[in-house]
Amino acid sequence: MLHRLAQVEPAEKAQFFTQLLDQFEHVGPNGTHICLVFEPMGPNVNVMVEELPQFKPRKFEMKVRYPPPMAKGVLKQALQALAVLHKNGIAQGDFQPGNMLFALENIDYIPEDTLRQEEDVQARSISAPVQRRDGKPDEGAPRYLCVARTLAPFTPISEGFHIKLSDMGGAFLFSDPPKKPIVPTGLRSPELILAGEVNNTIDIWSFGCLVFELIVGYQLFCVPWMGSVAETDDDHLLSLTSILGPLPEELYRHWDRASLYFTPERKLYNSGLGGIPEGGEPLMLEQQSMEELFDAEEPDLDKEEAVQVKALIRRILQYDPAQRPSAEELLRDPWFCEEDSRSDPSKSSSL
């Protein structure tokens with residue numbers, strides 16, 4: 001897929017995707033490995049929010065989320081990259097904040113001593129020692145491990161930041177979709193959950209979820225592992241019906257466990273996963289729409305912009321894949337058309 005991506009117009013490729021510089025084979029104690037060399041990049045979007053100065057030091061009950069102009073810039077640049085991919089018949093397949101990286105300032109002129117981590121002389125390692133979080137020895141770990149060098153201090157964040165997509169391990173051609181895509185659980189589209197259907201809007205659904213996540217500060221569909229695939233899917237589907245509304249009949253009929261939660265008339269009578277235990281009572285949880293969840297978190301938007309963002313999310317998260325807008329169409333959405341110099345890398349010379 002990286003070789004396919006290499007055929008994209010050079011300027012677009014360099015602007016929107018991490019660049020593959022070289023590849024080689026490494027023979028080590030665990031076998032022969034193909035190593036891919038990419039341009040150095042800063043933290044991913046999940047990590048960088050923790051580096052913002054307003055969250056240091058972290059205070060109790062502090063809402064850690066991107067300022068709206070910055071969130072908008074991240075989303076727009078990721079969407080621009082997605083539009084280029086889709087124009088070339090490629091789906092990213094794993095479109096999530098962990099695969100969106102902040103570009104670095106020019107580090108060619110930074111002294112090596114500044115970039116180097118503090119070494120662990122005793123372990124003869126170029127980084128601090130790697131330890132298990134619980135403090136126990138890890139007998140199965142390789143003897144030589146290094147902590148990744150964070151390049152956050154060399155990453156523009158106040159203005160002129162630049163986002164690139166990385167990790168094409170889940171990418172696929174529109175003409176040859178995989179049977180089992182690697183979409184993160186909470187970002188799966190309903191047709192993928194219920195029918196295993198993979199289509200060229202798989203990234204668009206994920207993007208709609210991410211608009212909510214980056215503005216509000218938490219995942220729209222937070223779906224933890226419930227111990228079984230069936231109950232994890234049930235949890236996701238119950239969230240969908242609460243947050244977005246009832247599933248259409250063509251999807252609902254694929255949900256063979258729906259009777260554990262809905263009457264034959266499709267009225268919710270139980271929210272408890274796995275059905276009502278013998279001798280137990282139905283569990284009914286509060287049902288909140290996407291708009292109610294959004295407003296409850298009070299993102300730092302004026303009323304007009306909040307209405308725009310909620311309308312954008314609704315426009316994307318449609319149960320019918322054919323009704324979802326393309327990446328190109330989304331870039332013409334009113335919210336993205338209102339430029340902000342703090343989120344537009346072309347308006348800064350920081351890079």
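The mean sequence distance of close C-alpha pairs (under 8 Å, at least 6 residues apart), as a share of the length of the chain, puts its relative contact order at 21 percent.
Of the residues Ile110, Ile313, the one with the largest accessible area comes first in the ranking Ile110, Ile313, computed with a 1.4 Å probe on protein heavy atoms. For region 136-292, what is the convex hull (Cα atoms) projected area averaged across all directions, in square nanometres? That works out to 15.6 nm². Pop out the carbon and sulfur fraction of the accessible area of region 215-351 as a percent, whole number, probe 1.4 Å. In region 215-351, the share of accessible area belonging to carbon and sulfur is 50 percent. Exceedance of the 32 Å cut-off in Cα-Cα distance is limited, within the set Lys76/Lys136; Lys76/Lys180; Lys267/Lys310, to Lys76/Lys136.
Each Cα pair under 8 Å and six or more residues apart adds its separation to the average, and for region 1-141 the resulting relative contact order is 19 percent. Taking all protein chains together and rolling a 1.4 Å probe, Leu268 ends up with roughly 40 Å² accessible.
Ligands, DNA and RNA excluded, the heavy atoms of Glu328 present near 90 Å² of accessible surface to a 1.4 Å solvent probe.
Annotation note: chymotrypsin sites (Phe, Trp or Tyr not before Pro) in region 259-336 located in DSSP loop regions with a Cβ neighbour count of at most 14 within 10 Å are Tyr269. Normalising the average separation of contacting C-alpha pairs (under 8 angstrom, six or more residues apart) by the number of residues puts the relative contact order of region 133-224 at 18 percent.
The listed peptides 281-293, 41-53, ordered by packing as a protection proxy, come out as 41-53, 281-293 (highest mean of other Cβ atoms within 10 Å first). Over all directions, the projected convex hull of the C-alpha atoms in the chain averages 22.4 nm² in area. For Phe262, the residues 5 or more places off, or on other chains, whose built amide H falls under 5 Å of its own are Tyr269.
Extents of region 15-82, taken as max minus min of Cα coordinates on every principal axis and listed largest first, are 48, 31, 15 Å.
The values are calculated or read from the model by the stated rules, or taken from the named source; none is laboratory data. Fair warning: this is a prediction, and the values are worked out from it, not measured in the lab. Glycine also receives a Cβ, built like all others from the backbone with ideal geometry; neighbour counts cover every protein chain displayed. Ligands, DNA and RNA are stripped out before the accessible areas are found, and what is left, the full protein with its side chains, is counted by its heavy atoms. Shrake-Rupley method; radii C 1.70, N 1.55, O 1.52, S 1.80 Å.
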